[in-house]
Ligand code: SAM
Ligand code: SF4
């Protein structure tokens, strides 16, 4: 039997599901949630762990190979190990179970995530300088996040990915320092262009440090060699250090070098809405479908397939009439 595959109307195979576990966050990153969360959806509108497990099983039966848990800050959801355990049970049909976190809760908890079945972790780290870290995230906890990274490594969650959103005038002078960090700690350092997904609506094109600039800043200090493109979607251009040092560099440039043609993602918000693009202006309520009395699994399958067909061909950030989506990264699930 040929393996199932979810295809959108442009022929893109959808292999990658991002599941937001909560809209809450204990950080106030200025490029995401500078003023804190607006009123959070009532608890009964949030998908329960049983519902997430149920729909994930369906997604996997439709060809999803990778699930990444995100948020908000996913580790703020109570007992996250339980949902990790439930999703880990979908392996080996599910190939990869990952988590993106701000790292704050990792000290003391990383080992339990690994034991529950988490394969990989991405930790956000916007600065190696305490004052810049505080200014960018709103919290003075750089040392604790570094401890979290060490805890993830000790727990065997390697290879660890580190995400840094590079914003002009904030942390752009640290790009080469981050590359050195990647070498010294043998991590994959991913540099992300600032996208118009901040709740403050303060994004400006002038603040975007392009992928090209980022690469040039690294190469002033360390020569890079491109890594081959992996099968399926590749959102980052990946490099190794030409001198053979450990660590990896990834440059994610959705603003200046859109990769929509290779996109294999869809997202599920914490309140059960499918989003077919980070920049979608419409959402599709999977929650309503699965909660309808008498709803069958095959109706849910049909609904998911019909929604995937509505996936947008590309984002419109660079069009003159671009409209920032109403929900921010913390609600969409970055
Ligand atoms: N709270 C977790 C964290 O910070 O890692 C997970 C959710 S967060 C929304 C996921 C990723 O989105 C983070 O790496 C964050 O830096 C990134 N992000 C948030 N807002 C962004 C923006 N406006 N542009 C680019 N990346 C952004
Ligand atoms: Fe919270 Fe992550 Fe958004 Fe920062 S990027 S405010 S840590 S959800």
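Read-outs: derived from the displayed coordinates by stated rules, not from any lab. All values reported here derive from a predicted model rather than from experimental measurement. Please note: Cβ atoms are built from the backbone with ideal geometry, for glycine as well, and neighbour counts cover all protein chains shown.
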Test of understanding: in a Gaussian network model of the chain with alpha carbons linked when under 10 Å, which of 242, 216, 173 would top the mean-square fluctuation ranking? 242
Relative contact order of the range 246-334, pairs being alpha-carbon contacts under 8 Å that are 6 or more residues apart, as %: 32 percent
Per residue of the chain, what 222 nm ellipticity follows from adding -39500 (n - 2.57) for every DSSP H run with n ≥ 4, rounded to the nearest 500? -8000 deg cm²/dmol
Can you tell which of 298, 236, 61 shows the greatest fluctuation in a Gaussian network model of the chain with Cα springs below 10 Å? 298
What value in Å³ per residue do you get for the convex hull of the alpha-carbon atoms in the range 193-238? 91 Å³
Could you tell me how many degrees, from 0 to 90 and to the nearest 10, lie between the Cα long axis of helix 297-308 and the main elongation axis, the longest principal axis, of the Cα atoms of the chain? 50 degrees
Rounded to two decimals, the Debye log10 I(q)/I(0) of the range 294-334 (Cα scatterers, no solvent) at q = 0.15, 0.28, 0.30 Å⁻¹ is -0.61, -0.98, -1.00
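Compare the peptides 316-324, 194-202 by average per-residue count of other Cβ atoms within 10 angstrom and give them in order, highest first.
With the highest mean Cβ count within 10 Å placed first, the list reads 194-202, 316-324.
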Who wins for biggest fluctuation among 34, 74, 42 in a Gaussian network model of the chain, springs between alpha carbons below 10 Å? 42
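Considering only DSSP beta bridges whose two residues both sit in the chain, what percent are antiparallel, to the nearest 5?
Expressed as a percentage, antiparallel bridges in the chain total about 30.
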Would you list 308, 139 from fewest to most Cβ contacts within 10 Å? 139, 308
So what is log10(I(q)/I(0)) for the range 26-101 at q = 0.11, 0.13 1/Å, when the Debye sum runs over its Cα atoms only? -0.34, -0.47
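What FRET efficiency comes out for residue 297 versus residue 50 if R0 is 22 angstrom and r is the Cβ-Cβ distance? Round to the nearest 0.05.
Working: r = 14 Å, r/R0 = 0.64.
Result of the calculation: an efficiency of 0.95.
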Using Cβ contacts closer than 10 Å as the measure, can you line up 79, 23 from fewest to most? 79, 23
Obtain the nm distance between the two label points defined at residue 223 and residue 172 by a simple spin-label model: each point lies 7 Å from its Cα along the Cα-to-C-beta direction. 2.8 nm
To the nearest 10 degrees, how steep is helix 142-154 against the longest Cα principal axis of the chain, on a 0 to 90 scale? 70 degrees
For the range 16-332 the translational diffusion coefficient, Stokes-Einstein from a Kirkwood Rh over Cα pairs at 4 °C and viscosity 1.567 mPa s, in µm²/s, is roughly 64 µm²/s
Relative to the longest principal Cα axis of the chain, at what angle does helix 175-185 sit, 0 to 90 degrees, rounded to 10? 80 degrees
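Note down the relative contact order for the chain as a percent, whole number, built from C-alpha pairs under 8 angstrom at least six residues apart.
21 percent.
What does the convex hull of the Cα atoms of the range 82-217 come to per residue, in Å³, rounded to a whole number?
Hull volume normalised by residue count: 131 Å³.
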Find the centroid of the Cα atoms in the range 158-231 and in the range 83-141, then give the distance between the two in whole Å. 19 Å
